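What follows is one structure encoded as structure tokens, with my remarks underneath.
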Amino acid sequence: MESHNNLHQMKAADEVTKKKKSSRRSLIVNKLSCFRSSDHGYPTLDEIDGNGNVDMKSASADTNLHTPTHLIVMVNGLIGSAHNWRYAAKQFLKTHPQDLIVHCSERNSSLLTFNGVDVMGNRLANEVTSVIKRHPGLQKISFIGHSLGGLVARYAIAKLYTQDSTKLACQENGDSTTDASNKQCSEHISSGRIAGLVPINFITVATPHLGTGGHRQVPMFGGSNTVEKVAHHISWVLGRTGRHLFLTDKAQGQPPLLLQMVKDCEDLKFFSALQSFKRHVVYANAHFDHIVGWSTSSIRHRNELPQRKHLLRSGKYPHILKGETTNTIKQEGSMKSQVNSFKTARASMEEAMIRGLTKISWERIDVSFKGSKQRYFAHNTIQVNTPWMNSDGADIIQHIVDNFRL
């Protein structure tokens with residue numbers, strides 16, 4: 001009888017264990033199901049135009065009662081596509097269903113990303129204009145760019161800002177076709193707007209703002225000066241984009257494009273356009289991003305980067321680092337450390353870009369996937385590029401959403 005009772009207890013214990021395992025599996029499946037689904041756990045209405053561009057709205061929002069007034073433009077990186085931002089777009093619409101329209105840019109995808117920052121920026125500017133025409137109730141605009149997409153967004157906003165300013169100048173000076181009037185129309189009068197909308201947030205994620213030509217700006221090169229020189233000479237492999245990123249483009253005797261993009265030029269007001277946004281944010285990988293270095297994505301000198309050991313993880317956002325974010329060191333010191341002409345040339349351009357961009361106040365958010373199984377894909381994980389593969393970056397997206405200014 002005793003052995004029979006023991007057998008019964010063992011069977012009962014096995015059943016409990018099986019139920020617990022089944023319950024755990026069910027929780028894991030439910031957690032991951034939103035990543036597998038194209039809805040990512042939140043239904044949206046996707047409006048597709050003739051060019052394949054997708055505008056996303058919340059399926060739960062009653063647009064008859066409340067028309068969204070804020071447009072978010074999300075821009076993909078090198079060899080990317082609009083789909084890379086789909087998970088993030090869903091999270092924005094889940095949190096702000098009544099307020100937002102999210103447009104994941106489609107015009108610069110796949111091999112088209114080799115065409116150059118300027119060509120891609122012009123395409124994006126035209127794309128944004130077409131989106132705004134489809135939604136006349138829009139009042140505000142924000143941009144979020146991943147990697148190369150952040151640079152493309154900077155070029156596009158300059159194009160849109162300058163167009164707005166030119167229109168304003170012409171309106172104030174009348175529509176006369178006299179030479180004098182045409183000269184007046186060419187004068188820059190600031191509208192403070194981007195494509196007619198009020199600019200709010202400009203956010204980049206792992207973007208090489210200083211290019212990839214500087215020392216240690218591409219971690220996969222291992223800091224080797226020889227390897228960086230080789231990459232410098234073969235940057236043409238990535239087309240015009242490669243020449244822009246490695247600062248080897250010098251069209252018609254002009255400085256490299258990224259160097260031009262830190263100030264207002266005669267044709268495009270790069271600095272004024274960027275400055276017009278109320279908020280500027282850079283998210284940067286402090287570890288394991290083999291594509292874009294920490295300093296170029298956070299717009300800092302390498303000797304200004306905080307020591308990693310002094311940075312702590314945030315409780316709510318486990319991959320966000322908090323602590324000392326600036327360790328100011330005189331700029332002259334970083335220049336004296338350069339010992340050869342190749343490094344000196346790179347450092348000089350890097351210095352000019354940092355000086356220009358930091359005239360604007362930036363929120364710097366440092367990120368680390370140290371300890372994560374997805375750490376070696378940090379460049380894509382920070383964006384949740386492919387949700388089933390980069391799911392650990394979900395807290396970064398949530399941080400962007402939670403701190404977004406409407």
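The values are calculated or read from the model by the stated rules, or taken from the named source; none is laboratory data. Here the structure is a predicted model, which is why all the values come from computation and not from measurement. Positions of Cβ are generated from backbone atoms using ideal geometry, with glycine treated the same way; all protein chains shown enter the neighbour counts.
Under the condition of being more than 18 Å from the chain's Cα centre (by Cα) and in contact (Cβ under 8 Å) with a residue 24 or more places away in the chain, the residues counted in region 234-248 number 8. Within region 198-215, at least one residue is farther than 22 Å from GLN383 by Cα, modelled with pLDDT of 95 or more and not in a loop (DSSP other than H, G, I, E, B).
Let's see how each residue does on (1) surrounded by 13 or more Cβ atoms within 10 Å (Cβ to Cβ); (2) at pLDDT 75 or above:
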position: ARG24; (1), (2): no, no
position: LEU27; (1), (2): no, no
position: TYR42; (1), (2): yes, no
position: VAL73; (1), (2): yes, yes
position: ARG86; (1), (2): yes, yes
position: SER110; (1), (2): no, yes
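Restricting attention to region 118-160, the residues being in contact (Cβ under 8 Å) with a residue 60 or more places away in the chain, more than 27 Å from THR248 (Cα to Cα) and not hydrophobic (A, V, I, L, M, F, W, C) number 9. Of all the numbered requirements in (1) modelled with pLDDT under 95; (2) crowded, with 18+ Cβ neighbours inside 10 Å; (3) more than 20 Å from GLY77 (Cβ to Cβ), LEU100 misses one, and that requirement is (1). Please determine, by comparing only the residues of region 55-71 that are at pLDDT 70 or above and crowded, with 19+ Cβ neighbours inside 10 Å, which one is nearest to PHE143 (Cα to Cα). Among those that are at pLDDT 70 or above and crowded, with 19+ Cβ neighbours inside 10 Å, it is LEU71.
All but one of (1) surrounded by fewer than 22 Cβ atoms within 10 Å (Cβ to Cβ); (2) under 22 Å from MET56 (Cα atoms); (3) in contact (Cβ under 8 Å) with a residue 40 or more places away in the chain hold for ASN115; which doesn't? Status for ASN115: all satisfied but (2). Under the condition of being surrounded by 17 or more Cβ atoms within 10 Å (Cβ to Cβ), out of contact with any helix residue (DSSP H, G or I) (no Cβ under 7 Å at 6 or more places or on another chain) and part of a helix (DSSP H, G or I), the residues counted in region 360-394 number 6. Would you confirm, using the coordinates I've provided, whether GLU172 is acidic (Asp, Glu) and either outside the structural domain of LEU259 (by TED's automatic domain parsing) or at pLDDT below 95 (or both)? For GLU172, the condition - acidic (Asp, Glu) and either outside the structural domain of LEU259 (by TED's automatic domain parsing) or at pLDDT below 95 (or both) - is met. Scanning for something surrounded by 16 or more Cβ atoms within 10 Å (Cβ to Cβ) and among the acidic types (Asp, Glu), does region 281-289 turn up at least one residue? Yes: region 281-289 contains one or more residues that are surrounded by 16 or more Cβ atoms within 10 Å (Cβ to Cβ) and among the acidic types (Asp, Glu).
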